[in-house]
Amino acid sequence: MRVAVAGGTGLIGRMVCDAVAAGGDEAVVLARSVGVDVVGGDGLDAALVGVDAVIDVTNVTTLKRSESIAFFETATRNLLAAEERAGVAHHVLLSIVGVDRVDWGYYAGKVRQEELCAASSVPTTVLRATQFHEFADQMLARGGPVAMVPRMRSQPVAAREVAAELVRLARGEARGLVPEMAGPEVLEMPDMVRRLLRARGRRTPAIGIRLPGAAGKGMAHGGLLPEHDGPRGRETFAQWLTAASS
Ligand SMILES: NC(=O)c1ccc[n+]([C@@H]2O[C@H](COP(=O)([O-])OP(=O)(O)OC[C@H]3O[C@@H](n4cnc5c(N)ncnc54)[C@H](OP(=O)(O)O)[C@@H]3O)[C@@H](O)[C@H]2O)c1
């Protein structure tokens, strides 16, 4: 089987490619760094020749609603249209638990992405996952003497386990929106960031800030937690910390 991984050079994308290869299948990376632009369309048709399934884990780094919608809408439309032309049998999208409940700018793009999948003539599966353990590290990307961390209640999951689930889904029939995936325990994001800083021997203080409006309230009070049973990752944040800091 040939599986294209849109965003295959990214954080989870690399793990998805590993999981595809571990199962004996061929992974085809779609990313600008390998000459395929899902927004501009360059290289897309050529890359999808002979592809059976596409796993979409592309991303844009923005908090702006308009930028998020513009990226995910254009990228998803282009991908699905190219898949239709190439006869791809299955499109699998990674989304986020709570995007339909917490009205945050970035999430609006993910909702648009889900809507386009639901309306597509290409058979689709959408897996919503909670924040990855690595999300705590992404909170530190801006640097600075103090880490300002959104007050967010999360049930973080190992990105590697989400990657394995995406590949498992891609090998099966399209199922539409499937049960949400989460990790084994509920944690507060500022605490996760503090634990990560401690594990790295850093003294940077981490301050939890409630983001403005209803979205901030929703994030702080469980709007990003799974509401139903679904696949659960086994790796705890503590186990990930140990592995990531050794
Ligand atoms: N982080 C979390 O906790 C979390 C939780 C649940 C779901 N998710 C979802 O997981 C997805 C992946 O997140 P991530 O943190 O792994 O992303 P990431 O590390 O930022 O990687 C983004 C990927 O998208 C590619 N990309 C960006 N623009 C592109 C374009 N125009 N054409 C082709 N490829 C493009 C990048 O490659 P190039 O730069 O080479 O183009 C890269 O491979 C996102 O959709 C996110 O919403 C994330």
For segment 17-35, name all the residues that are without any contact (Cβ under 8 Å) to a residue 12 or more places away in the chain and aliphatic (A, V, I, L, M). 21, 22
By my count, helices (runs of 4 or more DSSP H) wholly in segment 1-98 with at least 1 residues that are more than 12 Å from the ligand (Cβ to nearest atom) and either modelled with pLDDT under 95 or crowded, with 22+ Cβ neighbours inside 10 Å (or both) are 11-22, 65-86
Under 6 Å by Cβ, and 6 or more places apart or on different chains, what pairs join a residue from segment 197-211 that is over 16 Å from residue 141 (Cα atoms) with one that is exposed (fewer than 13 other Cβ atoms within 10 Å of the Cβ)? 199/245
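The values are calculated or read from the model by the stated rules, or taken from the named source; none is laboratory data. Just so it is clear, the structure is predicted and the values come from calculations on it, not from any experiment. Quick reminder, even Gly has a Cβ in these numbers, built from the backbone with ideal geometry, and neighbours come from all protein chains shown.
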